[in-house]
Amino acid sequence: MSRVHGWGRYARILAICWRAAVAQQLEYRADLAAKTVMSAFWLAWAALGVSVYFRYTGNIGGWTYGEVLVVVGLFFALNGVRQAFLEPNLEALGEGVRRGTLDHVLTRPVDSQVLVSLRHVDMHNLVDPVLGLVLVAIGVRLTGRGVTPGGVAAFLLLLLAALVLLYALVLCLMCLAVLLVGADELSTVSFSVIELSRFPVQAYRQPLQTLLVVVPVALLTTVPAQALLGRLDPVWLIASPLAATGALVAASVGWHRVLRRYTGASA
């Protein structure tokens, strides 16, 4: 019961932080509207760009146009989550390490990992996950396949695993930000990794295809898409959550070890 109460406390703290961030950003509503329009434009542009490849072929790596749109939609959804919830915190951490304001966060009576990695939110990108999932639905419809309840359940499980993996990746980059005193290029690294998941891994040549499975970039979009499309190898239903859990545990352990080496702004 105490653990449940503890998670409820963190949920309330994050809700307060997010409400404050949203209230501040709503002061610039024209900017919010413009970025929403641009998000829709880039999503449509991506779908149109993919269609060019299929003017001369019926499939890419065994994936049809509709199936590739599912992967692209998942890419936009995950990248939107990264931009809205993870990248602002990574950038704030880098600045906090350089300016010494991280010290104030670490002295608060809450778990530093939760507060440092999730307290900031950029609502300008909150529409991206919604638009991405809309493209996923369009892609599924274009395939002409029915979606089964089992497929949806597997998709949701693997999508959750993908989100956990993405969080673990950014948390690892936060560890590097502390060690390297806030390197500015780390947010670019996170985008570069997720950018590789824009298309199905089968569209890449060997040995890159195998590397993307091992890393595991394939778990971000390709594997959840396969679950929704009914072409998933059942082994991923176990391997993907295990990989996500292992990555999260490793990143969390790394974070707390890095903090032991952090000497603060006064050093």
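If you filter segment 180-204 down to residues that are surrounded by fewer than 20 Cβ atoms within 10 Å (Cβ to Cβ) and among the hydroxyl-bearing types (Ser, Thr, Tyr), you find that the one that is farthest from THR221 (Cα to Cα) is THR188. The residues of segment 57-82 that are open to solvent by 40 Å² or more (accessible area, probe 1.4 Å) and aliphatic (A, V, I, L, M) amount to a single one, ILE60.
Conditions tested, residue by residue: (1) under 15 Å from the mean Cα position of the chain (by Cα); (2) of a type in the set (Phe, Trp, Tyr); (3) modelled with pLDDT under 80.
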site	(1), (2), (3)
GLU185	no, no, yes
PHE191	yes, yes, no
PRO200	no, no, no
VAL217	yes, no, no
LEU232	no, no, no
ILE238	no, no, no
VAL253	no, no, no
ARG260	no, no, no
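Screening SER39 against (1) among the polar types (S, T, N, Q); (2) open to solvent by less than 40 Å² (accessible area, probe 1.4 Å); (3) without any contact (Cβ under 8 Å) to a residue 40 or more places away in the chain leaves a single unmet condition, (3).
When the criteria are applied in full, LEU176 fails the requirement of being in contact with a Phe, Trp or Tyr (Cβ under 7 Å, 6 or more places away or on another chain), modelled with pLDDT under 90 and of a type in the set (A, V, I, L, M).
Residue count for segment 1-35 satisfying the condition of being at pLDDT 80 or above and polar (S, T, N, Q): 0. Could you identify the single residue in PHE54, PHE85 that is touching a strand residue (DSSP E or B) at 6+ places or on another chain (Cβ under 8 Å), closer than 24 Å to GLY132 by Cβ, open to solvent by less than 60 Å² (accessible area, probe 1.4 Å) and of a type outside the set (A, V, I, L, M)? Exactly one of PHE54, PHE85 is touching a strand residue (DSSP E or B) at 6+ places or on another chain (Cβ under 8 Å), closer than 24 Å to GLY132 by Cβ, open to solvent by less than 60 Å² (accessible area, probe 1.4 Å) and of a type outside the set (A, V, I, L, M), namely PHE54. How many residues are assigned to a loop (DSSP other than H, G, I, E, B), surrounded by 12 or more Cβ atoms within 10 Å (Cβ to Cβ) and of a type in the set (A, V, I, L, M) when one looks only at segment 215-267? Qualifying residue count for the region: 4.
The values are calculated or read from the model by the stated rules, or taken from the named source; none is laboratory data. Keep in mind the model is a prediction, meaning the values are calculated, not measured. With ideal geometry, Cβ positions are generated from the backbone for all residues, glycine too; neighbour counts draw on all protein chains shown. We work out accessible area using only protein heavy atoms, side chains counted, and drop any ligands, DNA or RNA first. Shrake-Rupley method; radii C 1.70, N 1.55, O 1.52, S 1.80 Å.
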